[in-house]
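Shown next, in structure tokens, is the structure this report addresses.
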Amino acid sequence: MCSYSSTNVFDSGKHSTHVQRVEWRSTTCTGNYNCSFLYCLYIATPLEDGEFPILLFLHGYLLYNIFYSQLIQHVASHGFIVIAPQLYTVAGPDTSDEIHSAAAITNWLSEGLTKFLPSNVRPNFSKLALAGHSRGGKTAFALALRKLNTTTNLRFSAVIGVDPVDGMDKGKQTPPPVLTYVPHSFDVDMAALVIGSGLGEVKRNPLFPPCAPKGVNHENFFSECQKPAWYFVAKDYGHLDMLDDDTKGLAGKATYCLCKNGESRKPMRMFVGGVIVAFLNAYLNGDNTHLLATTATDRHQSVPIPLDFKFDCLV
């Protein structure tokens, strides 16, 4: 018999949150990688005293880290420190620089993060997770898979792909490719979560390709995961529906024009945030009650999207 927590992970958590933008300049060189790069980091933390696990969250293609503000604060309100770097503003098809950047930021955390946190908030570097959306999801898995021989001085315990995408189509993957099309071939030595959007593979109009095409999307990522791995697909929501409601600027306006969207972003954002929290609680904090409650047939938690989402797991 499972016992379930009364706290709903799809609602805001018990912690008040503190958010800030900080800058950090990397001076690390890797091959032809730029030795000096200025990173803008968006950091959300609980305000209350305590030691908290860490989530490094990587943004999607040509998006801004601030577009995920509401999602990031949702996760932080449940007792996590979330760091969302701006990896670039303009990028081509090659993701090598993003992989190197994510590794450099990870290596900076243990020496540089604490000075930017409230004095009463302490990071637990032994409880560290890596996540990314869209191309950022591909980058997260690439780093977990040690692509380009990248190494980090901190160990990740979990990896999350939020509607991850590995290119335009099978055979048109962005370099370096992550998907191999060999089932259960990801050798990441950590728990994995893949969240997909049902509308991501649907064209918004004939002028643009789908934002998460079949053959390189969430379904393929999950099929290559090893145990333990969890998989959710929100059937009636789109590739960008977990972003903030108000995404500013030209890039922000484009988020409403390029992809097939659901009716509103809030339910998808709550769902993605809640599933991430449930997964992190299970694999960073050793408490799987929220994850089990989310997947239980009688749904002890109020899921904010229609209950016909796809679910699967390898445990």
Query raised in the report: Mind checking which pairs have a first residue in the range 216-237 that is under 16 Å from Pro177 (Cβ atoms) and open to solvent by 20 Å² or more (accessible area, probe 1.4 Å) and a second that is part of a helix (DSSP H, G or I) and charged (D, E, K, R), Cβ under 7 Å, 6 or more apart or different chains?
Result: none
Report task. Working only within the range 48-84, note down all residues that are aromatic (Phe, Trp, Tyr), more than 23 Å from Lys253 (Cβ to Cβ) and open to solvent by 10 Å² or more (accessible area, probe 1.4 Å). Result -> Phe52
**Report entry** Output for the range 109-142, where each listed residue is part of a helix (DSSP H, G or I) and open to solvent by 10 Å² or more (accessible area, probe 1.4 Å)
**Finding:** Ser110, Glu111, Thr114, Lys115, Phe116, Arg135
**Report entry** Number of positions in the range 186-197 that are touching a residue at least 40 places away in the same chain (Cβ under 8 Å) and either part of a loop (DSSP other than H, G, I, E, B) or over 16 Å from Ala144 (Cα atoms) (or both)
**Finding:** 7
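Each row is one residue, and each column tells you yes or no for (1) surrounded by fewer than 22 Cβ atoms within 10 Å (Cβ to Cβ); (2) modelled with pLDDT of 90 or more.
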position	(1), (2)
Cys259	no, yes
Leu280	no, yes
Tyr283	no, yes
His290	no, yes
Thr294	no, no
His300	yes, no
Leu307	yes, no
Cys313	yes, no
Report summary line: Counted residues in the range 201-224 being assigned to a helix (DSSP H, G or I) and either at pLDDT below 95 or touching a Ser or Thr at 6+ places or on another chain (Cβ under 7 Å) (or both) come to 1
Query raised in the report: Of all residues in the range 86-103, how many are modelled with pLDDT of 95 or more and among the hydrophobic types (A, V, I, L, M, F, W, C)?
Result: 3
Report task. State whether the residues of the range 19-30 include one that is at pLDDT 95 or above and either surrounded by 14 or more Cβ atoms within 10 Å (Cβ to Cβ) or assigned to a loop (DSSP other than H, G, I, E, B) (or both). Result -> yes
Report summary line: Per the list (1) open to solvent by 10 Å² or more (accessible area, probe 1.4 Å); (2) within 25 Å of Ile305 (Cα to Cα); (3) assigned to a loop (DSSP other than H, G, I, E, B), residue check on Pro267 breaks on (3)
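From the list Lys203, Lys266, which residue is out of contact with any Asp or Glu (no Cβ under 8 Å at 6 or more places or on another chain) and of a type outside the set (A, V, I, L, M)?
One residue alone meets the criteria, Lys203.
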Report task. Would you be able to say whether some residue in the range 165-185 is of a type in the set (Gly, Ala, Ser), on the phi > 0 side of the Ramachandran plot and surrounded by 18 or more Cβ atoms within 10 Å (Cβ to Cβ)? Result -> yes
Report task. Please work out if Glu111 is among the charged types (D, E, K, R), out of contact with any Gly (no Cβ under 6 Å at 6 or more places or on another chain) and modelled with pLDDT of 95 or more. Result -> no
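The values are calculated or read from the model by the stated rules, or taken from the named source; none is laboratory data. Computed from a predicted structure; not experimentally measured. As a convention, Cβ positions derive from the backbone with ideal geometry for all residues, glycine included, and neighbour counts pool all protein chains shown. Heavy atoms of the whole protein, side chains included, go into the accessibility calculation; ligands, DNA and RNA do not. Shrake-Rupley method; radii C 1.70, N 1.55, O 1.52, S 1.80 Å.
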